[in-house]
């Protein structure tokens with residue numbers, strides 16, 4: 001996979017997450033994975049079409065998802081991943097991916113994104129790509145969010 005397809009997401013994460021109240025964002029390891037993604041507890045999938053095509057899956061544990069939702073809701077305690085928490089997590093993913101789409105446009109690649117789809121539960125798999133995809137580990141306020149990018153131009 002071409003690095004130019006990953007950089008728009010890295011730029012989006014470092015631009016959008018601080019605006020949402022996250023204080024520390026660090027990039028961890030990167031690996032190549034095959035087609036299916038095993039959910040850590042909460043996975044949000046967004047499709048990308050036009051100039052770049054494929055899927056992006058944001059994968060995190062249920063505890064991380066609760067902390068993300070709490071941050072999105074200005075520190076409100078989150079005890080379960082209810083409709084409100086799901087909405088907050090989906091909105092964060094939508095904002096990051098939309099900003100990545102803007103970054104692609106700056107590179108001359110017009111893209112559209114689908115609405116996010118969320119899977120809650122650790123006993124499930126999600127198809128990210130028809131072949132291989134890249135998994136980037138992001139540490140967001142000491143919580144692991146795995147960004148899985150299965151795109152081609």
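None of the figures in this text is laboratory data; all of them are computed from the coordinates on show. Just so you know, these numbers come straight off a predicted model, no measurement behind them. Reconstructed Cβ throughout: ideal geometry from the backbone, glycine too, with neighbour counts over all protein chains shown.
Using a simple spin-label model with pseudo-atoms 7 Å out from Cα toward Cβ, residue 142 and residue 114 lie 3.7 nm apart.
Helix 62-72 and the long axis of the chain differ in direction by around 90°, with both axes built from C-alpha atoms.
For the range 34-153, the normalised intensity computed at q = 0.10, 0.14, 0.18 Å⁻¹ comes to -0.29, -0.57, -0.91 (log10 of I(q)/I(0), Debye sum over alpha carbons, equal scatterers, no solvent).
Roughly what angle does helix 7-19 make with the longest principal axis of the chain, taking Cα atoms, 0 to 90 degrees, to the nearest 10? Tilt of helix 7-19: around 30 degrees. Calculated mean residue ellipticity at 222 nm for the chain: -10500 deg cm²/dmol, from DSSP H runs with n ≥ 4 weighted as -39500 (n - 2.57), summed, divided by the residue count and rounded to 500.
Can you give me the angle between helix 83-106 and the longest principal axis of the chain, using Cα atoms only, in degrees from 0 to 90, rounded to the nearest 10? Rounded to the nearest ten degrees, it is 30.
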